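Q: Here's a structure for you.
The values are calculated or read from the model by the stated rules, or taken from the named source; none is laboratory data. Here the structure is a predicted model, which is why all the values come from computation and not from measurement. Please note: Cβ atoms are built from the backbone with ideal geometry, for glycine as well, and neighbour counts cover all protein chains shown. When the accessible area is computed, the model is the full protein with side chains, heavy atoms only, and any ligands, DNA or RNA have been set aside. Shrake-Rupley method; radii C 1.70, N 1.55, O 1.52, S 1.80 Å.
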Amino acid sequence: MPIDYYLNIAVSGVLTGLVYGLAALGLSVIFGVVRVVNFAHGEMMVAGMYGAVLLAGFLGLDPILAAPIVAALLFGFGWLLQRGLVNRFVERPEHMQFILLLGIATIILNAMLMLFGPDSRNVQVPYGFDTVELGPLLLDAVRLRAGAGAIVVAAALFAFFRFSRTGKAIRACADNPLGARVVGLNIDGLYALTFGIGAGVVGIAGALMTLLVDARPQLAPEYTLLSFIIVIVGGLGSLPGALLGGVLIGLSEAMAGFLLTPSLKSLFSYVVLIVVLLLRPQGLLGKRS
């Protein structure tokens, strides 16, 4: 088979993986700063998908244009959730945090089932069947736009944490919470802001994902597990690692679905996870504790 076929499949997998990586960035941001594992991550992502579906249905907005609105709504939800509930469990044992977030995930999932039912919902865009020719590559326009949107959001997130005063304060909280509190930083407020940012980022990823798959509540546990795999592969708490892990998982799924069968593509995500854990337990870009 010509090499062009493999190049097209690989690039399509990378573009999908960029959206996966963006979703995992939200999980990595929350864990890296607040040190709480968000087990409701997939549910928030699917909520972002439904937000894009509703905005497309009622206002006719493209999912890319709907993404900032979805991000604002998820940011507010995440901020309130952290300030009102999760913050009380930050210093508690990890099993209590697990039960809390699992309960929140169950509530969100069942709320979506009650509101939207179990059936799939999709968004029709004018460029849904368009292709873009780049030399030997023939790419889906939807994947190209979704991948480009993920890159823009990830770059903005990296710039925020590296160059802004608030981003530097959040990084200080992640590195040394006690020292940050001593110098006068509002730890609780920064934790809430971080949780809101993580929720907003995964909301954008959900909006972009509606370009690729139909929204349905049953996807939530799958996306939670996928995000965990990605952040472990990339390295817990590493933002570049989350993006790299997403690209690797997207690439492995695309190639496995093409060379073998689509039903086995998820299997290769676990193969990548096992190989990384055997060769580099801290993840590709993670640091040893």
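Q: Please turn the phi angles of the range 240-246 into ³J(HN,Hα) values with the Karplus equation 6.51 cos²θ - 1.76 cosθ + 1.60 (θ = phi - 60°), one per residue in order, whole Hz, x for glycine and proline.
A: Residue by residue, the range 240-246 yields x, x, 5, 5, 5, x, x Hz.
Q: Bin width 10 Å, origin at 0, all Cα-Cα pairs of the range 3-279: what percent of pairs per bin?
A: The percentages, shortest bin first, are 7, 29, 36, 21, 6, 1.
Q: Further question on the same structure: Given I170, F158, L273, which one lies farthest toward the positive end of the charge dipole of the range 3-279, if we put +1 on the Cβ of every Lys and Arg and -1 on the Cβ of every Asp and Glu?
A: Comparing the listed Cα positions along the dipole, I170 ranks first.
Q: Here's a follow-up. Relative contact order for the chain: what percent, with Cα pairs under 8 Å and sequence separation of 6 or more?
A: On the way: 492 pairs, mean separation 111.2, N = 289.
Relative CO of the chain lands at 38 percent.
Q: Kindly provide the chymotrypsin sites (Phe, Trp or Tyr not before Pro) of the range 1-70 that DSSP labels as loop, not H, G, I, E or B, and whose Cβ sees at most 16 other Cβ atoms within 10 Å. Numbers along the way, then the final one.
A: Numbers: sites: Y5, Y6, Y20, F31, F39, Y50, F58; in loops: F39.
Of the chymotrypsin sites (Phe, Trp or Tyr not before Pro), not one in the loops of the range 1-70 has a Cβ with at most 16 other Cβ atoms within 10 Å.
Q: Given charges of +1 on the Cβ of Lys and Arg and -1 on the Cβ of Asp and Glu, with all other atoms neutral, how large is the dipole of the range 1-149 about its Cα centre, in debye to the nearest 20?
A: 560
Q: Continuing with the same structure: Give me the angle, in degrees from 0 to 90, between the Cα long axis of helix 219-234 and the longest principal axis of the Cα atoms of the chain, rounded to the nearest 10.
A: Here the helix axis deviates by roughly 80 degrees.
Q: Quick one: plug the Kirkwood hydrodynamic radius of the range 1-147 (C-alpha pairs) into Stokes-Einstein at 20 °C, 1.002 mPa s, and report D in µm²/s.
A: Translational D for this selection: 122 µm²/s.
Q: While we're looking at this one, here's another question. Between the helical axis of 41-59 and the dominant principal axis of the chain, each derived from Cα atoms, what acute angle in degrees is found, rounded to the nearest 10?
A: Value to nearest ten degrees: 60.
Q: Counting only protein heavy atoms and using a 1.4 Å probe, what share of the accessible area of the chain belongs to carbon plus sulfur, as a whole percent? Working shown, then result.
A: Values: 9340 of 13960 Å².
Here carbon and sulfur together make up 67 percent of the probe-accessible area.
Q: How much mean residue ellipticity at 222 nm does the chain get from its helices, if each DSSP H run of length 4 or more adds -39500 (n - 2.57) and you divide by all residues, to the nearest 500 deg cm²/dmol? Please list the in-between numbers first.
A: Numbers: 11 runs with 211 residues, N = 289.
Here the helix-only value at 222 nm equals -25000 deg cm²/dmol.
Q: Could you work out how much longer the chain between Y6 and E94 gets when fully extended? Use 0.36 nm per residue separation minus the Cα distance between them, nm to one decimal. Let's see the in-between values first.
A: Working: separation 88, 0.36 × 88 = 31.68 nm, distance 4.37 nm.
Stretched fully, the Y6-E94 segment lengthens by 27.3 nm.
Q: Moving on to the next point. Along the Cα→Cβ direction, 7 angstrom out, place labels at R165 and N110. What is the inter-label distance in nm?
A: 4.5
Q: Would you mind getting the accessible area per residue of the chain, heavy atoms of the protein chains only, 1.4 Å probe, in Å²?
A: Details: 13960 Å² over 289 residues.
For the chain, the per-residue accessible area is 48 Å².
Q: Can you compute the charge dipole magnitude of the range 3-279 about its Cα centre, using +1 on each Lys and Arg Cβ and -1 on each Asp and Glu Cβ, nothing else charged? Give it in debye, rounded to the nearest 20.
A: On the way: 14 positive and 14 negative charges, 176 e Å.
Roughly 840 debye, rounded to the nearest 20.
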